[in-house]
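The values are calculated or read from the model by the stated rules, or taken from the named source; none is laboratory data. Predicted model only: the values in this text are computed from it and were never measured. Don't worry about glycine lacking a Cβ; one is built from the backbone with ideal geometry, like all the others, and counts go over all protein chains shown. Ligands, DNA and RNA are excluded from the accessible area calculation, which covers all protein heavy atoms including side chains. Shrake-Rupley method; radii C 1.70, N 1.55, O 1.52, S 1.80 Å.
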Amino acid sequence: MARTAISPAPRTGAAKPKRPLDEARGHWLRAFRRVRAETEARASPLSAEDQIVQSMADASPTKWHRAHVTWFFEQFLLVVHDPSYKIFDQRFPFLFNSYYVAAGPRHARPQRGLITRPDGEDVTAYRAHVDAAVERLIEKVPEAEAERVFAIVEIGLHHEQQHQELLITDILHAFAQNPTDPAYDTEWQQPRATQGPRGYVEVPAGIHAIGHDGEGFSFDNETPLHDELIPHVRIARHLVTNAEWLEFIAAGGYATPALWLSDGWAAVQTEGWQAPGYWRLKDGTWQTMTLAGLKPVDPTVAVQHVSYYEAEAFARFAGKHLPSEAEWEVAARTNVIADAFGIAWQWTRSAYLHYPGYRAAEGALGEYNGKFMVSQMVLRGASLATPEGHARLSYRNFFYPPSRWQFSGLRLAEFV
Ligand SMILES: [Fe+2]
């Protein structure tokens, strides 16, 4: 969970020269082993009991994550491209398909925590079976099919990295329901914000290319590259901190309906929100559940586990706005903001919609992103739980407005 350093991508759009086949096999083999090992490393501090718990419908058990990312390779790579491949267990596709309707029927998401069998050792054996088959395929695939196979390996690895982040956010949610406040890692420390001048910086106004330019990997929802008009707007250099959030609470932010969207105020009422997710008032001071267990709220670090509704209410309280995702992307590309990546995903005021000219991929993998483009909001950047090498300037994360179990925070913007 190291901090991710990212520099602006070159915007040339020039195609990279293709690797010789043997070099490509070695490259994908190493990448496959590295990412698969990271999943196991993230699961390793967790007991068998930890790994089966599902604390809410939105969160999945660690064991399910470990199996589902494996099913992804089995279903979309091995079944399609390896005629000799034998499905590990005929029951697994039903248990570990997430939402791919075209890939067949699947177990109900809210009941993933009830799957005590197959057990964790069965999932470990499943992973080993699929690992061996994928490695064999990478080493032996004929040249004519190699490009397609490596492309599916690549999306499978980025998919697995997304689940590595979810593994962490989901177990934190589970531990936060446990009265003994377990630690995922007793040594874990909150990432510190970059020091330096605070305040606002101008985003270069005008027409800017937004999205992924085709150089390297992207998910389909980052394409196509297209022009957007950026107004005269200034964006905060830094993320909003816990100290600022404490001011919002002290000023009655959670008790002032005029600050809230109608749906947001309804959520405050229904959920009883008085502070960010995982905050608890204990003996008059705020504590928060972290990966290291229950800790005092540190005023100097970036606020996390706030919903879109809370981010929007805070912006209104501060007399500011949330940036649009295009404003955020231009600011990050021009390197005028601190902590774009590595601490908290940042809510934007942009609805998660397709970019002009977007086309979902053919087949079941076309369900990956496109069918979720309604009723959700875009978050930009990356969090402390995002795996190394996964973040991008054009990356679009998305969640429903009330969600707050992710490492979600915000930075503000103001119109000039
Ligand atoms: Fe998935």
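Note on the chain: antiparallel DSSP beta bridges, both residues inside, total approximately 90 percent of the bridges counted. Counting protein heavy atoms only, segment 300-416 has 58 percent of its accessible area on carbon and sulfur, 1.4 angstrom probe.
Figure note: K140, K295 ranked by solvent-accessible area, largest first, 1.4 Å probe, ligands and nucleic acids not counted: K140, K295.
Given a 1.4 Å probe and the protein chains as shown, R30 ends up with an accessible area of around 150 Å². Here is the tail figure for the chain: Cα pairs spaced more than 26 Å apart come to 57 percent of all pairs. Label-to-label distance for A108 and H232 is 5.6 nm, based on points extended 7 Å past Cα in the beta-carbon direction. Leaving out ligands, DNA and RNA, what percent of the accessible area of segment 56-158 is carbon and sulfur, probe 1.4 Å? Percent of accessible area from carbon and sulfur atoms in segment 56-158: 54. For segment 296-416, the spread of Cα coordinates along the three principal axes comes to 48, 33, 31 Å, biggest extent given first.
With a simple spin-label model that places each label point 7 Å from the Cα along the Cα-to-Cβ direction, the separation between A144 and A258 comes to 7.2 nm.
In the chain, helices alone account for a calculated mean residue ellipticity at 222 nm of -10500 deg cm²/dmol, with every DSSP H run of four or more residues adding -39,500 (n - 2.57). Within straight-line reach of K282, meaning a Cα separation under 16 Å, sit the following lysines at least 8 residues removed in sequence or on another chain: K295. With a Förster radius of 22 Å applied to the C-beta separation of A251 and A351, the computed FRET efficiency comes to 0.15.
For the chain, the solvent-accessible area of protein heavy atoms averages 44 Å² per residue (probe radius 1.4 Å; ligands and nucleic acids excluded). Ligands, DNA and RNA left out, the 1.4 Å accessible surface of segment 182-292 is 51% carbon and sulfur atoms. Listed by chain and number, the lysines whose C-alpha is less than 21 Å from the C-alpha of K86, apart from same-chain residues fewer than 8 away, are K140.
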